[in-house]
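Here is the structure we will look at, set down as structure tokens.
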Amino acid sequence: MARENRPSNGPAELAPALGPVATLRWLWTQLTSMKTALWLLFALAVAAMPGSFLPQRPVNPVKVSDYIKANPGVGPWLDRLGFFDVFAAPWFGAIYVLLFVSLVGCIVPRIWVYLRELRNPPPAVPASLAKLTGYRTGVVTQSPAEVLDAAAASLKAKGFRVRREADAVSGDKGFLRELGNLVFHLALVIVLCGLGWNALASFRGTSIIVEGGSFSNTLTQYDEFTSGAAFRPSSLTPFSFRLDSFDVKFTPKGAPSVFDAKVTTDGATKNLEVNSPLTFGNTEVHLLGNGYAPVVKVLDGNGNVAFSGPAVFLPQDGMFTSAGTIKAQDGRPERLAFDGLFLPTVVPGSLAFVSSFPDALNPQLLVGIWHGPPKVETGTPENIYTLDTTGLTKVTDADGKTVRARLNVGDTFAIPGGGSISFTGWQRWAKVQVSTNPGLWIVGIGFVLALAGIACSLLVRPRRAFVRVGAVEGGTSVQLGGIDRVDGRPAVDAELATLASAVGISSETLATTEGDPA
Amino acid sequence: MSVDYISNLAMVTSAALYLLALIAYAAKWASGRALLTEGMKPSRAQVDADEKARFGLDLWGRIGIALACLGLATHLVGVIGRGIAANRAPWGNMYEFITSALVAVVALFVYLAIAKGADWLGLPVMLLAALGQGLAVTVFYVAVGPLVPALHSVFFVVHILAAITAAGAFNIGAIAAILYLLKARAEKRGPVKGYLAKLPSAEVLDRFSYRATLFGFPIWTFTIAAGAVWAQYAWGRFWGWDPKETWSFITWVVYAGYLHARLTAGWKGRRAAIVAIIGVATFWFNFVGINLLVSGLHSYGKG
């Protein structure tokens, strides 16, 4: 991404019939040309688009498998080509790697050019000042040396670098522009490095905690956990906290208005809210979601408590119609299991299967009941949200009809064949995300440098100013010239006006020429 | 009369005023047809027509800018009233975002028209404002409500104010780019006639478009950076390729392409202008299309 298009040596379309080194050099020139960088930028923009329209596996793997099921024709092909994880796809990676190689290939040579320009003195005064964008002449009474001294002092005061010749002074300034441009591009490389390191060394896990429950930072406590290749489980910061209470409020229209979780950690009570995470060393805890856990008590056929406590149900819609299971594995003589819906608000008297408001105004628990012989413990982890019905049969009533129970808070349902289920209340749960972002500071530095760089490269205007004197009868003739090196900004007049007054040219003796806009 | 009601009334009024301003600018555009072209040997009737056209241009131009200023004033009442009614910055949903972004566009236009003589922007800007405000009050309107908790943050103000400012600059830049394309095509065909002749030269339009976009680009960069910082606070990740993040990145890349295109042989001028127009299209798609089509973490837009 050089500032100017490189001069092409002959027609660029034809690969020269040269040796391998020359061919490589030709390829390099092509890659680092601005035109290539331009096409790579557009390719990057187009390549990012499918990532916003197709479901993405890192965000929602369930949606991806649903999509593939719904589109058996194109789905598997899109999957093979990486369209369900666009931003990790090889073709997406290839575009940005090429883009950054092209960027570095352009920027590095420009750094040497820039340093050379900094070391060199200001340019010599051109033969004809009249051709410059800004030009003024005048005659003053001071001696040529006095005029040049005054001009040099004035330029220095305005931040110009100054070069003195026998009959002239030249000055230049505005080197921050190119510096800013270089810093901006290099800062993008820093941002990319930060993102890379972050992807390698970070982890992210989520856990659902019911009110009154606790979390401690070990791998077993996570429901979902992803980490980069350089992450070590031993590096998990040790901490734990208890979710004391979780306050959720909704507006009358059902939009959430307050999420406020109170947690206790190390004896101190803290607030965990959507925009204020908890921090433990380098680890942050964010509040990501919420839901309901109906509190139930299950008695088995022998009259013993087979399950008691909250069961986490997962919200299915915006009104928090929540689905989940209750498993009373230890029930004897038979184990019991329930799959059901928790409806936080049911209009009294209605037999709805969906909630009509997200807050728990009139909650009901609907369950289907299963029974079966006790299961041999295998130790295989089981999904707590879905019911594996192997070895289970639905409980039926005397007429052979499937039994479903609809319970209000406080209700107990006697299960035909023995046992009962009581719906004693409900609690809220909070879904927290625990994560580290070890590359964040690198990205942050990159962003700050990029913004500073682009501000310099847009605001600073490189300028050159020249003064030439000649002895005439009764004084000194003075020529002032100036150029603004930014495309289309001929506003050097202010600069020249300062210079003119410094050397004593009064406005009456001025001859100003309007430069044509560059 | 509640503040809420006044705000709604002001919004509808501003849409109507922008429509009237649009008509005035269209009349100005039409009266430019009889203008004499340079190098023409005019007949007496043509000279009269030219004089009449100049009078019409001046008159309709004045009416246009007056209506635009009036529209902006009522529009501001609408946006500020909305903020007072909701007791927060009025940028919580699509209706509020569109109306605020259009304030930035029209305010920038009024400034440029009065201070920089860029009243030639009038017709397209008023077209955008009338259409945008009209859609906002009819299709996108939602009643005043509190913010969802995810928006309770100082970054809400910083991030969205930057986005709105960038919106103003990018829209003005794209409008100038469209006018540049029209003018450049006309200039190629020979002496420019009619209203197009009253536009600045293609070169000036191109530079104008460039400066507006150049002003918007760092602000857009900042919008994305501030959004990333906020995302880190709210969601524990500064970048997650959410659809809105993806499209803000696409907009950024397209405008980066624009800045480079202007320095590339064969891309200066026409092609660069087209890139600027594509840039603003991706911007609007992000703020309207993504909210309506795709669900993501930024989906509070629907109100």
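Miscellaneous remarks
- Seen from every direction in turn and averaged, the convex hull around the alpha carbons of the range B:1-146 projects onto 9.6 nm².
- For B:221-234, mean number of other protein chain Cβ atoms within 10 Å: 4
- Top positive-direction residue, dipole computed over the range B:147-303 with Cβ charges, set B:Ser248, B:Phe287, B:Leu214: B:Leu214
- In the range A:435-496, trypsin sites (Lys or Arg not before Pro) in a DSSP loop with at most 16 other beta-carbon atoms within 10 Å: A:Arg485
- Between helix B:202-235 and chain B: long-axis angle, C-alpha atoms, 0 to 90°, nearest 10: 0
- Heavy-atom SASA rank of A:Val448, A:Val296, A:Val210 (probe 1.4 Å, accessible area, largest first): A:Val448, A:Val210, A:Val296
- For the range A:81-209, the relative contact order works out to 24 percent when only alpha carbon pairs closer than 8 Å and six or more residues apart are counted.
- For A:Phe42 and A:Lys249, a Förster radius of 51 Å and the Cβ-Cβ distance give a FRET efficiency of 0.60, rounded to the nearest 0.05.
- In the assembled protein chains, A:Trp197 presents an accessible area of approximately 110 Å² (probe radius 1.4 Å).
- Label-zone membership for the range A:318-353, site A:Ser308, 7 angstrom Cα→C-beta point, backbone N under 20 Å: A:326-338
- Paramagnetic label zone (point 7 Å from Cα along Cα-to-C-beta, A:Asp330; backbone N under 15 Å) in the range A:273-308: A:297-308
- The residue among B:Ile175, B:Ala272, B:Tyr195 whose Cα reaches farthest toward the positive pole of the charge dipole of the range B:144-303, with charges on the beta-carbon of Lys, Arg, Asp and Glu, is B:Tyr195.
- Nearest-20 debye value, the protein assembly as shown charge dipole, Cβ charges on Lys, Arg, Asp, Glu: 2000
- Stretching A:Glu473 away from A:Ala229 to a fully extended chain increases their span by 79.6 nm, per 0.36 nm per residue minus the current alpha-carbon distance.
- Residue-wise HN-Hα couplings along the range A:101-110, as the Karplus relation 6.51 cos²θ - 1.76 cosθ + 1.60 with θ = phi - 60° gives them from phi, are 5, 4, 5, 5, x, 8, 6, 4, x, 5 Hz; Gly and Pro carry x.
- Farthest towards the positive end of the charge dipole of the protein assembly as shown, among the residues A:Gly309, A:Val46, A:Gly504, is the Cα of A:Gly504, using unit charges on the Cβ of Lys, Arg, Asp and Glu.
- Over 23 Å apart at the Cα level, from the set A:Lys69/B:Lys244; A:Lys262/A:Lys431; A:Lys35/B:Lys268; A:Lys63/A:Lys297, are A:Lys69/B:Lys244; A:Lys63/A:Lys297.
- Spread over its residues, the convex hull of the C-alpha atoms of the range B:173-219 is 56 Å³ per residue.
- 10 Å Cβ neighbours from other chains, averaged over peptide B:245-253: 5
- Size descriptors for chain B (Cα atoms only): Rg and Dmax, in that order, 20.9, 75 Å.
- With the convex hull of the Cα atoms taken as the outline of chain A, the averaged projected area works out to 40.5 nm².
- An ellipsoid equivalent to the range B:130-173, defined through the eigenvalues of its Cα gyration tensor, has semi-axes of 22, 20, 5 Å when rounded to whole angstrom and sorted largest first.
- Spread over its residues, the convex hull of the C-alpha atoms of the range A:24-114 is 111 Å³ per residue.
- Here is how the number arises for the protein assembly as shown: DSSP H runs of 4 or more residues each give -39500 (n - 2.57), the sum is divided by the residue count, and the result at 222 nm is -15500 deg cm²/dmol.
- Charge tally for B:Leu151 (other residues, Cβ to Cβ under 13 Å; Lys, Arg +1; Asp, Glu -1): -1.
- Loop sites in the range A:252-354: trypsin sites (Lys or Arg not before Pro), DSSP, at most 14 other Cβ within 10 Å: A:Lys253
- Distance between the pseudo-spin-label points of A:Thr264 and B:Arg189 (7 Å out from Cα toward the beta carbon): 8.1 nm.
- Degrees between helix B:243-261 axis and first principal axis of chain B (Cα, 0 to 90, nearest 10): 40
- Along chain B, the longest continuous region that contains none of the trypsin sites (Lys or Arg not before Pro) in a DSSP loop with at most 14 other C-beta atoms within 10 Å is B:1-115.
- Working from the Cα coordinates of the range B:196-279, the gyration tensor eigenvalues give, after taking √(5λ), semi-axes of 32, 13, 10 Å in decreasing order.
The values are calculated or read from the model by the stated rules, or taken from the named source; none is laboratory data. The structure presented is a predicted model; accordingly, all values stated were derived computationally and were not measured. Cβ: placed from backbone, ideal geometry, glycine included. Neighbour counts: every protein chain shown. For the accessible areas, the whole protein counts, side chains as well, though only heavy atoms, and no ligand, DNA or RNA atoms are used. Shrake-Rupley method; radii C 1.70, N 1.55, O 1.52, S 1.80 Å.
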